[in-house]
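Here's the structure, in structure tokens; my notes come after.
The values are calculated or read from the model by the stated rules, or taken from the named source; none is laboratory data. These numbers come from a predicted model, not from an experiment. A quick note on method: Cβ atoms are made from the backbone with ideal geometry, for glycine too, and the neighbour counts reach across all protein chains shown.
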Amino acid sequence: MTSTATICFEMTPALISFRRQVGAANQSLHALIVGLETLKEVEPVRPADLIFLSWQKPATPEQWNDARTFALKGAMIVTIDALDHYLRVLSRIDGLVPDTLHDKLNGRKVPGDNHRPTLFERLDALHTAFPGARAEHLLAMNLLANWRNRFAHGDYKFALTNKECEAIAKTAAFFRDNHGGADIQAALDRYTKSQAPTLLDLSTLIASAQRLVRDLDGTILHRQVGADYAVALVRYLLENDSNPSARLEWLFEPGGDQAAGRVHALLLDHGGNHAKNRTASAPALTRQELNQRLGLGRNDASALFKIPRP
């Protein structure tokens, strides 16, 4: 790779983790629903680890519905957990978001507030600081989070207000036109009646979460400086390694350009891209800049990242 080649960053580790979790949840949800419908028509095949356990094929519509409900609840919970994790990871990468947002992103009560921020309030604070995502997708997260509380946990304490319901209802045309004819008003009606979401309801809300986080992440990244972000990303990856000292030792053992080469490979695994047919967007840096900033020996790397050597 020549020194003029550009390394650009297209995703934060927070987005990578979110996509992995939610993508797997969505795929598993569809597999479970299809599996349940198939099981109605065929004889069950017991897995080896179920041979000695008591299990009977559902015999009534209510029992089949309970199994479907379990799958829906699981997908809702995983999606909300993934949103929560996304916000927390953003706050752990130096300089990615303002320090003033850290308490809010981590769900901590801040002076002047009378409660810990809800997930929607945390997402809204991030969206206010980094506008760029669709407000309709943000509003859909308010519905998703409250529906999860009600449907999965039986928590009715903090329901959507009339004003919040009206705001979500006003997004009906957007979702119809941009989400394959999705009926967000019908979904909202099912929420207010304490009914279960349909598979289409939940698929629409999950897709909204994916688009919201993708757009937030892109807006956040575009405000970063390439070389500074690269250093912050390496620091985050080292600090969150199962053995930071050993990882630092291996990464910077060769020193100089060879150490920078190992760092380069690490960055490519965590949101970096150096494909020639990709247009670099901020943050970006050349391999020469990477060599200058992170072509370090072990002692200098230990001092920079404040991680002791073994």
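Within segment 36-51, can you find the residues that are under 21 Å from Leu202 (Cβ atoms) and either of a type in the set (A, V, I, L, M, F, W, C) or surrounded by 13 or more Cβ atoms within 10 Å (Cβ to Cβ) (or both)? Outline the logic, then answer.
The first filter runs over segment 36-51 and keeps only residues under 21 Å from Leu202 (Cβ atoms), leaving 36-40.
Residues satisfying the conditions are Leu36, Leu39.
Do we have Glu136 as in contact with a helix residue (DSSP H, G or I) (Cβ under 9 Å, 6 or more places away or on another chain), at pLDDT 95 or above and of a type in the set (Asp, Glu) here? Reasoning before the result, please.
Numbers: in contact with a helix residue (DSSP H, G or I) (Cβ under 9 Å, 6 or more places away or on another chain): yes; at pLDDT 95 or above: yes; of a type in the set (Asp, Glu): yes.
Considered against the rule, which asks whether it is in contact with a helix residue (DSSP H, G or I) (Cβ under 9 Å, 6 or more places away or on another chain), at pLDDT 95 or above and of a type in the set (Asp, Glu), Glu136 comes out as yes.
For segment 147-161, enumerate the residues that are in a loop (DSSP other than H, G, I, E, B), touching a residue at least 24 places away in the same chain (Cβ under 8 Å) and among the charged types (D, E, K, R).
none
Using the structure shown, decide if Glu37 is in a helix (DSSP H, G or I) and among the acidic types (Asp, Glu).
Working: in a helix (DSSP H, G or I): yes; among the acidic types (Asp, Glu): yes.
The answer is yes for Glu37.
Of everything in segment 63-90, what is surrounded by fewer than 19 Cβ atoms within 10 Å (Cβ to Cβ) and among the polar types (S, T, N, Q)? Give them in sequence order.
Answer for segment 63-90, where residues must be surrounded by fewer than 19 Cβ atoms within 10 Å (Cβ to Cβ) and among the polar types (S, T, N, Q): Gln63, Asn65, Thr69.
Given the conditions (1) surrounded by 12 or more Cβ atoms within 10 Å (Cβ to Cβ); (2) among the polar types (S, T, N, Q); (3) not in a helix (DSSP H, G or I), which single one is not true for Ser54?
All conditions pass for Ser54, except number (1).
Applying the selection to segment 162-195, what residues are assigned to a loop (DSSP other than H, G, I, E, B), surrounded by fewer than 16 Cβ atoms within 10 Å (Cβ to Cβ) and among the aliphatic types (A, V, I, L, M)? Steps first, please.
Initial filter on segment 162-195 (assigned to a loop (DSSP other than H, G, I, E, B)): 170-171, 179-183, 193-195.
Checking which are surrounded by fewer than 16 Cβ atoms within 10 Å (Cβ to Cβ) leaves us with 170, 180-181, 193-195.
Answer for segment 162-195, where residues must be assigned to a loop (DSSP other than H, G, I, E, B), surrounded by fewer than 16 Cβ atoms within 10 Å (Cβ to Cβ) and among the aliphatic types (A, V, I, L, M): there is none.
Criterion first (surrounded by 15 or more Cβ atoms within 10 Å (Cβ to Cβ), in a helix (DSSP H, G or I), touching a residue at least 12 places away in the same chain (Cβ under 8 Å) and not assigned by TED's automatic domain parsing to the domain that holds Ala140) does Leu237 satisfy it? It would help to see each step written out before you state the result.
Details: surrounded by 15 or more Cβ atoms within 10 Å (Cβ to Cβ): yes; in a helix (DSSP H, G or I): yes; touching a residue at least 12 places away in the same chain (Cβ under 8 Å): yes; not assigned by TED's automatic domain parsing to the domain that holds Ala140: yes.
Yes; evaluated as a whole, the condition is true for this residue.
Just the residues that are under 27 Å from Ala169 (Cα atoms), among the polar types (S, T, N, Q) and buried (at least 20 other Cβ atoms within 10 Å of the Cβ), please, taken from segment 198-234.
Selection gives Thr204, Ser208.
Any idea which of (1) in contact (Cβ under 8 Å) with a residue 12 or more places away in the chain; (2) more than 28 Å from Pro13 (Cβ to Cβ); (3) out of contact with any Pro (no Cβ under 9 Å at 6 or more places or on another chain) is the one Gln56 doesn't satisfy?
Gln56 satisfies all of (1) in contact (Cβ under 8 Å) with a residue 12 or more places away in the chain; (2) more than 28 Å from Pro13 (Cβ to Cβ); (3) out of contact with any Pro (no Cβ under 9 Å at 6 or more places or on another chain) except (1).
Write out, first by first residue and then by second, each pair whose Cβ atoms fall under 6 Å of each other, whose residues are 6+ apart or on separate chains, and whose first residue, in segment 191-211, is of a type in the set (Lys, Arg) while the second is surrounded by 17 or more Cβ atoms within 10 Å (Cβ to Cβ) and modelled with pLDDT of 95 or more.
Matching pairs, first to second residue: Arg211/His137.
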